[in-house]
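The values are calculated or read from the model by the stated rules, or taken from the named source; none is laboratory data. As the structure is a prediction and not an experimental result, all values here were calculated from the model. Reconstructed Cβ throughout: ideal geometry from the backbone, glycine too, with neighbour counts over all protein chains shown. Side chains included, ligands, DNA and RNA excluded: accessible areas come from the protein's heavy atoms. Shrake-Rupley method; radii C 1.70, N 1.55, O 1.52, S 1.80 Å.
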Amino acid sequence: MQSISPETIFRGNDAWDKALPQIKNLTKSPLILGRSIQTNNLRNQIFKDLKNQNLDVNFTNLQFDCCYEDIERVKGIISANNHDSLIAAGGGKVLDSGKYIAECLNIPCITVPLSASTCAGWTALSNIYTKNGQFIKDVALRSCPKILVYDHQFIQTAPTRTLASGIADALAKWYESSITSSTIDDGLVQQAIQISRVLRDQLLINGEKAFKSAFDNNAPWRNTIEACGLTAGLVGGIGGEKCRTAAAHAIHNAITQIITPNKFLHGEIVGVGLLLQLRLEEMKNNNKLAEQSIKQLLVLMKKLKLPTTIAQLGINVFENQNLDKIADFTLRANSEIHFLPFEIYKKDLIKVIANFEQEKIKIQ
Ligand SMILES: [Zn+2]
């Protein structure tokens, strides 16, 4: 079974207003789930609009992350108040929690992404973390959300940092799926990989313009946010589990194990993982194009003010056995890194990360 996309998608400047009648038909008593204080105003507007539709609406925020503690608490609220749907309005962690909770309780989930940082509003997947933000596992869900509301005016209010993060995460789709899945003899998987290549090209062309004009709602910006929030999700939907993540996400998952005072966004960490994946391809797979891809990506990443080293994520890999910790978690059983078509040993990963960090220290 494969769930390719949300049942209904509203997109554009007035997506939320257009979605309201359908939401009213679907639910009598929704619970709105959010997290960050910065997006409280938008959730208040969503709350008021639903009240005006005479819905018995309530809201709650995640206290930590997409973690079991929050998931259990929100499940309790929904059961106690007989809510018949969940409206997840926020970033990736909120969307992932909402989808997971709704599936557990067998109620419909409506996703309302409030930034372009992720394609979580689309996908049938939730990443589960500890309450401190350490990756635990990803869970495949039975279906994509019932309704996805991709309201450009909502997304326009998000900080540009979230857009840069979404671009890095969406770029990874091509580099990860093409190396893990290009030998799969399944037309849909091959087409999904091709979509991810077009997606990458569009982001390379429009990404910088979109970032610089993030509050203008112009064509490059619209194309970019839809690439990050919609097309990236479609690639996952069509490609299914065979259109896999690889080293970039495996390294992301490992980096989240080290708790730092400043939190970084999912795509910001994935971007660094992507550069390291390309170094591994160069070393282990003799991929001559990898060096060119790294140079090309570095130019864009710098323009988007994205971190390009683990040091810039606030972690010194040469301290506290961090290098060992990152390598061990990246290479653990069931890690996505094992989808690469060549074997990676701990010494390879340590060498690549250590060289990469030292190289960058010298340049800076
Ligand atoms: Zn991702």
Go through region 40-71 and give me each residue that's surrounded by fewer than 22 Cβ atoms within 10 Å (Cβ to Cβ) and closer than 12 Å to L114 by Cβ. N40, N41, L42, Q45
Which one of these does I337 not meet: (1) of a type in the set (A, V, I, L, M); (2) within 27 Å of L163 (Cβ to Cβ); (3) within 16 Å of the ligand (Cβ to nearest atom)? (2)
Scan region 110-120 and give yes if some residue there is more than 16 Å from the ligand (Cβ to nearest atom), open to solvent by less than 50 Å² (accessible area, probe 1.4 Å), at pLDDT 95 or above and in contact with a Ser or Thr (Cβ under 9 Å, 6 or more places away or on another chain), otherwise no. yes
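Could you go through region 161-180 and let me know if any residue there is β-branched (V, I, T) and open to solvent by 30 Å² or more (accessible area, probe 1.4 Å).
So far as region 161-180 goes, no, none of its residues is β-branched (V, I, T) and open to solvent by 30 Å² or more (accessible area, probe 1.4 Å).
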Within region 121-133, residues away from the ligand (no atom under 16 Å from the Cβ) and over 25 Å from L42 (Cα atoms) come out as T130, N132
Counting only residues that are under 15 Å from the mean Cα position of the chain (by Cα) and part of a loop (DSSP other than H, G, I, E, B), region 106-133 contains a total of 12
Considering only residues that are within 21 Å of M283 (Cα to Cα) and not in a helix (DSSP H, G or I), which ones fall in region 313-348? V317, L331, R332, S335, L340, P341, F342, E343, I344, Y345
Does region 267-299 hold any residues that are within 12 Å of the ligand (Cβ to nearest atom) and surrounded by fewer than 24 Cβ atoms within 10 Å (Cβ to Cβ), and which are they? none
Some residue of region 16-36 being open to solvent by less than 30 Å² (accessible area, probe 1.4 Å) and more than 24 Å from H152 (Cβ to Cβ): yes
Residue check: is E226 assigned to a helix (DSSP H, G or I), within 21 Å of V94 (Cβ to Cβ) and either of a type in the set (F, W, Y) or in contact with a strand residue (DSSP E or B) (Cβ under 8 Å, 6 or more places away or on another chain) (or both)? yes
